[in-house]
Amino acid sequence: MIIWTGWQAFSITCKRPSTNLSLLSIQSASLEFDSKRLWHELSLEVGAGEFVALIGPNGSGKSMLLKSIVGTQQLSGGKISFLGGEPGSHNSQLGYIPQHRATDAGLPLRVSDCVGFGLDGHLLGLPISSVPRRQKITEALEKVDAAHLAQESLGSLSGGEMQRVRVAQAIISKPKLLLADEPLSALDLNHQMRISELIDQQRRELGSAVVFVTHDLNPIIDFVDRVIYIAQGRHTIGTPDEVMRSEVLSELYGADIDVVRNQGRVVVLGAHDHDHHEDERWH
């Protein structure tokens, strides 16, 4: 798997199936950052075919949890394992969509080459071009409505186009676990729906698992099995109906929170007053 910082890449060694096989195990995990407790004693088993949404205000540590699963962020306590190994030991079986970041306008890397890193970026040396490889890249780009961008440079793309390329790169290898960090940001409503349905479809077809960070549950609520809601250094886990309730979130925040349902949508009122914006490293 390739991890992108900005757009500098480095490699690290890396139908709903009715199976109880655990792909991801999080046991009593805790993380403190700059003396701030982000989450404490978080335990979760994610099974094959499961779709888990990770929600919380800015600064609650959602992205840090994904980085802990990847192996680029060390826990303060507890343990995480993926496919029975330590974080980082099986990352070739893991797909990762990072948070949207602005791209250097001068970056010359082609879109097709970027997506191809999702197939063989963990290998040493230059990739060997072949018809099957090029076909897989084309198919991945078609799925995210970006085939027409294959020969464009990354630096020339809009924010939404870049986000779709990130998704294509993450799904092309058909990973057993997909970690998606706000993958719908910078996308219009049409592409939000298309990408959400694509991620869910691949999850169902492959029996893979998804951990999906989002600030808005509504685009994916029909796909989600469980929700992890992190706030104020605490968390709660359950089905969407169990977690997205006024009394549950009020207890989590320690303040009055109203959860309103209207025409199939869920709106959380009052939570924005407790958002944290101090340091994007915590997100």
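Read-outs throughout are calculated quantities, based only on the coordinates presented, and are distinct from any laboratory measurement. Source: prediction; values computed, not measured. Methodologically, a virtual Cβ is constructed for each residue, glycine included, from the backbone with ideal geometry; neighbour enumeration extends over all protein chains shown.
What does the extension gain come out to for Arg37 and Ala105, with contour length at 0.36 nm per residue minus their alpha carbon separation?
Between Arg37 and Ala105, full extension yields 20.8 nm more.
Return a single number: how many Lys pairs in the chain, at a sequence separation of 8 or more or on separate chains, have alpha-carbon atoms below 24 angstrom apart.
Qualifying lysine pairs in the chain: 18.
Which net charge results for the neighbourhood of His191, defined as the other residues with beta-carbon distances under 11 angstrom from its beta-carbon, given Lys and Arg at +1 and Asp and Glu at -1?
-2
If neighbour count is taken as other Cβ atoms inside 10 Å, put Phe51, Phe33, Phe212 in order from fewest to most.
Starting with the residue having the fewest Cβ neighbours, the order is Phe33, Phe51, Phe212.
Cα atoms only, region 123-245: Rg and Dmax in Å?
Looking at region 123-245, its Cα Rg and Dmax stand at 16.4, 52 Å.
Using the basic label-point model (7 angstrom from Cα toward the beta carbon), what is the Ser185 to Ser76 distance in nanometres?
So the two model labels end up 2.3 nm from each other.
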